[in-house]
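Notes follow once the structure below has been shown.
The values are calculated or read from the model by the stated rules, or taken from the named source; none is laboratory data. Values in this document were obtained by computation on a predicted structure and should not be read as measured data. Note that we place each Cβ from the backbone using ideal geometry, even for glycine, and neighbour counts take in every protein chain shown.
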Amino acid sequence: MKYRDFVVIGSGPAALGAAATASSLGVETTLIGEDAQIGGQIFRQMATPLKVQEPLAEFQNQKLFRNLKREISTSKVQCLNKTLVWNIFDDRIIATDDPRDPLIQAKKILIAEGAYEAPVAFPGWTLPGVMTLGGVQILLKSQGVIPKGRVLIAGTGPLLYLTASQLLKNGADIIGILEASSFSEWIRNSVPLWRSLDLLGKGVGYLAGLKKRQVPISFGAGVKEALGSDGLEEVVVSRMDKSWSPILGTERKLKADVLCFNFGFIPSTSFTHLAKCQHACDLHFRGWSPTYTSRYETSRESIFVAGDGTAIGGVKMAVIEGRIVGTEVARQLGLLSEVEAGDRCLKLQKALSRQQWYRDFMRKTYAYRAGLLAFLTDETIVCRCEEVKLKTINQIIEEGSCHIEKIKRLTRLGMGRCQGRFCHPTLLGILAQRLSFEEMITEDFSGRPPVKPMPLRFFSEMASSALKTDETCKENR
Amino acid sequence: MIKRLDKVRRGEPFTIRVDDDVIIAYEGETLATALLASGKGIIRRTLKDKSPRSYYCGMGICNECLVTLENGNRVRACQTFAAPSLKVNTHE
């Protein structure tokens, strides 16, 4: 077993900020990332050896990333890339997928697992050709490919226009954008973005580009159904009202080959659930948020969180939160005085409050509306992994089971490979219609290892490796 | 479902086997990219309803893009890099 003072799980902006700051204060730090390169989702790069002269998509916060990378590379931070953490045992023992030496005993842990795209179920959403907006961005930025044929973009928020522009610039055929909000609401919601001339300029640029290519933007509209046998062929578009419910009688059909949709992001809480941290259910984004102190320590002593894994706040906020954690960890390990730590955290918290407007903007823009539930029919798949339809869930609820864990046991919803990531949000929306606010806040699920599917072969290798070590130790005695 | 952009510099293409077919791939591409670019939109079919599924989240957490390697391991196509003479099975 390895011993480390500070282990950071994740390699995105919050993780990098924390590792860089902690290391600069003398903390022995290890950063564990699942990907081949550090950066997480937002700083995703083109996979080597694929190369391109000019970046295919404008790289937001490029300078910030370059600075972070430099801080890390000139520090003593140990970066374990291409390494999966599959559990956090009691006493802060981290389990990785290195079968020969999988365990790391950490004094302090930062869980910076980021966020993922909120699932919004509708008839046909599981068809090949229907994908998340993030998914199509990864294809473009990391793999240098664009969706082929007629591409429809749907959902809400600034990412729709950004992605549509990026795809158009690279030759994709965008047949339209469906924005759930009405035009007036969309304008009102965008006002906070105008405070940054840079953002305003960029936004106007995207929209001008879309207008020039005559890409129709429909406001108060969304996808009612995705149709096709082996893959997406057609989409039924419907107008939506203020609660984002489909307005009957406004349907029209549109031929499409790829549908990319986005209704915002949900904090990932797989590790915080595994580590048995306390969470509160938040219906704004139909997910969970770990509870934490002003220095980002969770309910489990010496386990911290930072970044989009706490609440969606974007890159700059994530980095600052990471630095607060790095500072606090140094203080807890005795490398920084109370006064010094207090001074530094005060400055960081001031910087954080200057970014709060962005968090508020994201929260408002992507706030869940119950009308989306009206898109579901009896036959709509709610749990993609276990193929559980709405009618099964409704039946179980009618029979008297109205809580996540019970429904999970009776229907297998949430027991598949994604471990509830893409079905819990829909179920939370359904339950919210029947449970009181007080009951909803306490809804939660049990997280069990491994956090991602692992082949049994790994555990047998790990066991035989451990036995060999045991034998060697016995012999040496 | 997808097409490769000409402006991206790629190395020499190699082939991988997918069921009874042979498709091309480039170093740095994931199995998902190679499959989707070759016209194979359906990556797997579900156990119960045999519904067609494909690339969805792209970041390795939805587990829709599962394929089976020669050694029997079930892997996420979007997180597994293509390599020369790889053999992939999409029928479990």
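Scanning region A:286-307 for residues that are more than 14 Å from chain B (Cβ to nearest Cβ) and either closer than 13 Å to A:G447 by Cβ or touching a helix residue (DSSP H, G or I) at 6+ places or on another chain (Cβ under 8 Å) (or both) yields a count of 15. Taken over region A:340-354, the criterion of being touching a residue at least 24 places away in the same chain (Cβ under 8 Å) and surrounded by 17 or more Cβ atoms within 10 Å (Cβ to Cβ) is satisfied by A:C345, A:L348, A:L352.
Do you know which residues across region A:448-457 are part of a loop (DSSP other than H, G, I, E, B) and within 14 Å of chain B (Cβ to nearest Cβ)? Result: A:P450, A:V451, A:K452, A:P453, A:M454, A:P455. Being free of Cβ contacts under 8 Å to residues at least 60 places away in the same chain, buried (at least 19 other Cβ atoms within 10 Å of the Cβ) and of a type in the set (K, R) is true for just one of A:K391, A:K408. Which residue is that? On inspection, the qualifying residue turns out to be A:K408. Please count how many residues of region A:371-412 are hydrophobic (A, V, I, L, M, F, W, C) and in contact with a Phe, Trp or Tyr (Cβ under 6 Å, 6 or more places away or on another chain). Count: 3.
Taken together, A:I187, A:I146, A:I177, A:I153 contain a single residue that is in contact with a Pro (Cβ under 8 Å, 6 or more places away or on another chain) and of a type in the set (V, I, T), which is A:I177.
If I ask for residues that are part of a loop (DSSP other than H, G, I, E, B) and either among the β-branched types (V, I, T) or at negative phi (or both), which ones from region A:386-413 would you list? Spell out how you get there, then give the answer.
Quick first cut of region A:386-413, residues part of a loop (DSSP other than H, G, I, E, B) only: A:386-387, A:399-403, A:412-413.
A:E386, A:E399, A:S401, A:C402, A:H403, A:L413 - these are the residues of region A:386-413 that are part of a loop (DSSP other than H, G, I, E, B) and either among the β-branched types (V, I, T) or at negative phi (or both).
Residues in region B:72-89 that are surrounded by 15 or more Cβ atoms within 10 Å (Cβ to Cβ), facing chain A (nearest Cβ under 10 Å) and outside any strand (DSSP E or B): B:C78, B:Q79. Every listed requirement among (1) surrounded by fewer than 14 Cβ atoms within 10 Å (Cβ to Cβ); (2) in a loop (DSSP other than H, G, I, E, B) is met by A:W357 save one, (2). Counting only strands (runs of 3 or more DSSP E) that sit completely within region A:105-182, those holding 2 or more residues that are more than 8 Å from chain B (Cβ to nearest Cβ) correspond to A:150-155, A:173-179.
One line per residue, one yes/no per condition, for (1) over 25 Å from A:G447 (Cβ atoms); (2) surrounded by fewer than 22 Cβ atoms within 10 Å (Cβ to Cβ):
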{"residue": "A:M1", "(1), (2)": "no, yes"}
{"residue": "A:V7", "(1), (2)": "no, no"}
{"residue": "A:S24", "(1), (2)": "yes, yes"}
{"residue": "A:Q37", "(1), (2)": "yes, yes"}
{"residue": "A:P55", "(1), (2)": "yes, yes"}
{"residue": "A:Q60", "(1), (2)": "yes, yes"}
{"residue": "A:R70", "(1), (2)": "yes, yes"}
{"residue": "A:F89", "(1), (2)": "no, yes"}
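Just name the residue that is modelled with the highest pLDDT out of those in region B:72-92 that are under 23 Å from A:W125 (Cα atoms) and among the charged types (D, E, K, R). Looking at residues that are under 23 Å from A:W125 (Cα atoms) and among the charged types (D, E, K, R), I get B:R76.
Across region B:57-71, which residue is nearest to A:T126 (Cα to Cα) among those that are in a loop (DSSP other than H, G, I, E, B) and more than 8 Å from every other protein chain (Cβ to nearest Cβ)?
B:C65
Filtered by the rule that a residue be within 25 Å of A:E386 (Cα to Cα) and either not in a helix (DSSP H, G or I) or not assigned by TED's automatic domain parsing to the domain that holds A:K408 (or both), region A:423-439 gives A:C423, A:Q433, A:R434, A:L435.
Number of residues in region B:1-47 that are farther than 19 Å from A:V136 by Cα, β-branched (V, I, T) and more than 7 Å from every other protein chain (Cβ to nearest Cβ): the value is 6. Among residues belonging to region A:39-53 that are under 18 Å from the mean Cα position of the chain (by Cα) and either more than 12 Å from chain B (Cβ to nearest Cβ) or not polar (S, T, N, Q) (or both), point out the one that is surrounded by the most Cβ atoms within 10 Å (Cβ to Cβ). Looking at residues that are under 18 Å from the mean Cα position of the chain (by Cα) and either more than 12 Å from chain B (Cβ to nearest Cβ) or not polar (S, T, N, Q) (or both), I get A:G40. Of all residues in region A:95-119, exactly one satisfies the criterion of being of a type in the set (D, E), farther than 20 Å from A:A275 by Cα and under 23 Å from the mean Cα position of the chain (by Cα), namely A:E117.
Of a type in the set (V, I, T), crowded, with 24+ Cβ neighbours inside 10 Å and assigned by TED's automatic domain parsing to the domain that holds A:E179, is that true of A:V236? No.
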